[in-house]
Amino acid sequence: MPALVVAGNWKMNTTISDAVALAAGIRDGAASAQGVDDVELVLCPPFVCLAAVRQAVEGSAVKVGAQNMHFQDSGAFTGEVSPGMLQGLCDYVILGHSERRQLFGENDEAVNSKIKAAQAAGLKPILCVGESLAHREAGSASDIISGQVRAGLEGVSDCSGLIVAYEPIWAIGTGQAATPETAAEIMGGAIFETLRNLFSAGADDISLLYGGSVNGGNAGEFAAQDCVHGALVGGASLQAEQFLQVAVAVAAAKD
Ligand code: PGA
């Protein structure tokens, strides 16, 4: 079975001191939370908090990730952060989040370049895919998702360390999560089949996360599905206790 992973996407929240307090709360709580030893916890704070969060979790098993990254090494890209700048600060990087795609105009081609650049820099990419409500209602969710996975991973030959997160856009921040069955249909279907096509047996080791209104109450139902290996958590990752409840539920469901 692929590694169990629960990642917290803090989005544009937390000052540096907020971030340190949250990270410390998760670090300390994780030490005594049931089964959480079996789950890779990844905290993804804003760029400016990465160094402080990294320091706060040092010596623990808690890992750090960035929320985005440019694909170029350096240059005249005002406001951007390169893969090399993240080296040593984090192990993971979220790429292609729907907010990046929708609000900042990221397309599949850019996401693909970022995935390759992350791997070249030794960062583990968390590739996010998800369909809009309009696409779901039109019956094209599976096609959209397999297209995003294929395009995001075009020319990628090594899938070690790769994570794919299914986050239906209509479920993000709405309090209305997908049903576990809907998630499993896409994750065990369009996503896994596309990964199988691309990476053959290597696909069996890729962790697939569900994201979109995940909390301690529903995380276990998602993780009870064979093709779900954890969660990408937004709102509920901003409180240590809630985030750890997600991890406990994932661990228990896979026990
Ligand atoms: P949410 O966000 O858990 O607040 O729905 C998930 C995400 O956008 O990664």
Only one residue in ALA201, ALA184, ALA178 is under 19 Å from PRO2 (Cβ atoms) and buried (at least 18 other Cβ atoms within 10 Å of the Cβ). Which one? ALA184
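Would you confirm, using the coordinates I've provided, whether ALA203 is part of a loop (DSSP other than H, G, I, E, B) and either within 15 Å of the ligand (Cβ to nearest atom) or modelled with pLDDT of 95 or more (or both)?
Numbers: part of a loop (DSSP other than H, G, I, E, B): no; either within 15 Å of the ligand (Cβ to nearest atom) or modelled with pLDDT of 95 or more (or both): yes.
It is false that ALA203 is part of a loop (DSSP other than H, G, I, E, B) and either within 15 Å of the ligand (Cβ to nearest atom) or modelled with pLDDT of 95 or more (or both).
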Out of (1) assigned to a helix (DSSP H, G or I); (2) more than 16 Å from the ligand (Cβ to nearest atom); (3) surrounded by fewer than 18 Cβ atoms within 10 Å (Cβ to Cβ); (4) of a type outside the set (Val, Ile, Thr), what's the single condition that is false for ASP226? (1)
Say whether the condition of being under 23 Å from GLN225 (Cβ atoms) and within 16 Å of the ligand (Cβ to nearest atom) is met by at least one residue in region 110-125. yes
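Is there a residue being part of a helix (DSSP H, G or I) and either in contact with a Gly (Cβ under 8 Å, 6 or more places away or on another chain) or among the hydrophobic types (A, V, I, L, M, F, W, C) (or both) anywhere in region 59-70?
For region 59-70, residues part of a helix (DSSP H, G or I) and either in contact with a Gly (Cβ under 8 Å, 6 or more places away or on another chain) or among the hydrophobic types (A, V, I, L, M, F, W, C) (or both): absent.
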Any residue at all in region 23-37 that is within 16 Å of the ligand (Cβ to nearest atom) and touching a helix residue (DSSP H, G or I) at 6+ places or on another chain (Cβ under 6 Å)? yes
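Residues checked against (1) farther than 23 Å from ALA178 by Cβ; (2) of a type outside the set (Gly, Ala, Ser); (3) in contact with a Leu (Cβ under 9 Å, 6 or more places away or on another chain):
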| site | (1), (2), (3) |
| --- | --- |
| LEU89 | yes, yes, yes |
| ASP108 | no, yes, no |
| PRO125 | no, yes, yes |
| HIS135 | no, yes, no |
| ILE144 | no, yes, no |
Got at least one residue in region 206-216 being closer than 25 Å to ILE26 by Cβ and assigned to a helix (DSSP H, G or I)? no
From SER213, SER132, grab the single residue that is within 16 Å of the ligand (Cβ to nearest atom), hydroxyl-bearing (Ser, Thr, Tyr) and crowded, with 20+ Cβ neighbours inside 10 Å. SER213
Could you check, for region 94-102, whether at least one of its residues is surrounded by fewer than 19 Cβ atoms within 10 Å (Cβ to Cβ) and assigned to a loop (DSSP other than H, G, I, E, B)? no
Across region 2-37, what is the total count of residues that are on the phi < 0 side of the Ramachandran plot, out of contact with any His (no Cβ under 6 Å at 6 or more places or on another chain), outside any helix (DSSP H, G or I) and not aromatic (Phe, Trp, Tyr)? 11
The one condition THR179 fails out of (1) more than 10 Å from the ligand (Cβ to nearest atom); (2) in contact (Cβ under 8 Å) with a residue 12 or more places away in the chain is (2)
Suppose the filter is within 15 Å of the ligand (Cβ to nearest atom) and of a type in the set (S, T, N, Q); does GLN242 pass it? yes
Residue hits (region 154-168; over 18 Å from GLY189 (Cα atoms) and either within 16 Å of the ligand (Cβ to nearest atom) or among the acidic types (Asp, Glu) (or both)) are GLU154, ASP158
Of all residues being in a loop (DSSP other than H, G, I, E, B) and either under 20 Å from LEU41 (Cα atoms) or in contact with a strand residue (DSSP E or B) (Cβ under 7 Å, 6 or more places away or on another chain) (or both) in region 82-93, which is nearest to the ligand (Cβ to nearest atom)? Just the residue, please. ASP91
Does region 185-195 include one or more residues that are within 11 Å of the ligand (Cβ to nearest atom) and closer than 28 Å to GLY122 by Cα? no
I'm trying to understand the selection: among the residues of region 39-67, which are in contact with an Asp or Glu (Cβ under 7 Å, 6 or more places away or on another chain) and surrounded by fewer than 24 Cβ atoms within 10 Å (Cβ to Cβ)? LYS63
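The values are calculated or read from the model by the stated rules, or taken from the named source; none is laboratory data. Owing to the predicted nature of the structure, the values given are computational and were not obtained by experimental measurement. Neighbour counts run over all protein chains shown; Cβ positions are idealised from the backbone, glycine included.
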